[in-house]
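Report on the structure given below.
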Amino acid sequence: MGGSTSRLKRWMSSGDGEVAGMQGNERAVKRLATPFVYCRRGSMYRDEDGDVAHEFYEEVPPLRRGVKATMRQILTNLTPQGDVRLPFPCLHTDFPIVLYQDSQDDPRVTQR
C-alpha cells in the first residue's frame, strides 16, 4: 500500500514506555501501536502556481513555420505534496494481527 503510519503511532512508539525488567545489557522497550493508517504520503507535486498534479508539461513553440508544437516536461520548481489524510482509516499491511470470520455467521456454510 505504501502508506505511512499515523502520527499517533509514531508518537506512541517513540520509546517513552520503558519496562523496568532489565537483564544484563538488554533493555526491554514496550512499544504500543495501532493497526490503523490515517494518512499516506502523497504521490503528486505542487508547482509554483499552487496546482497539484502527477506531471507538469509546457508547450514549446516550433522553431520553423509549419512544424507542430511539442510538449516538454517540467522538472524544476516542484515540491512534493506531503502527507495526505485518508478518507477513512485503513489497516496497516505490516501489523501482526489475524482477521477471521466466524463460520456460523457465514451464509455459505451449510448446517447439518
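The values are calculated or read from the model by the stated rules, or taken from the named source; none is laboratory data. Given the structure is predicted, the values throughout are model-derived calculations rather than measurements. Here the Cβ positions follow ideal geometry from the backbone for every residue, glycine too, while neighbour counts run over all protein chains shown. Protein only, heavy atoms only, side chains kept; ligands, DNA and RNA dropped before computing areas. Shrake-Rupley method; radii C 1.70, N 1.55, O 1.52, S 1.80 Å.
Of all the numbered requirements in (1) modelled with pLDDT of 85 or more; (2) out of contact with any His (no Cβ under 6 Å at 6 or more places or on another chain); (3) not basic (Lys, Arg), MET44 misses one, and that requirement is (2).
Cβ-Cβ distances below 8 Å connect the following pairs, each with a first residue in region 33-54 that is within 25 Å of THR93 (Cα to Cα) and open to solvent by 50 Å² or more (accessible area, probe 1.4 Å), a second residue that is in a strand (DSSP E or B) and of a type in the set (D, E, K, R), and a separation of six or more residues or different chains: TYR38/ARG85; ARG40/ASP83; ARG41/ASP83. Within region 73-112, being modelled with pLDDT of 90 or more, part of a loop (DSSP other than H, G, I, E, B) and open to solvent by less than 90 Å² (accessible area, probe 1.4 Å) holds for LEU78, GLN81, GLY82. Taking (1) at pLDDT below 85; (2) part of a loop (DSSP other than H, G, I, E, B) in turn, LEU63 satisfies each apart from (1).
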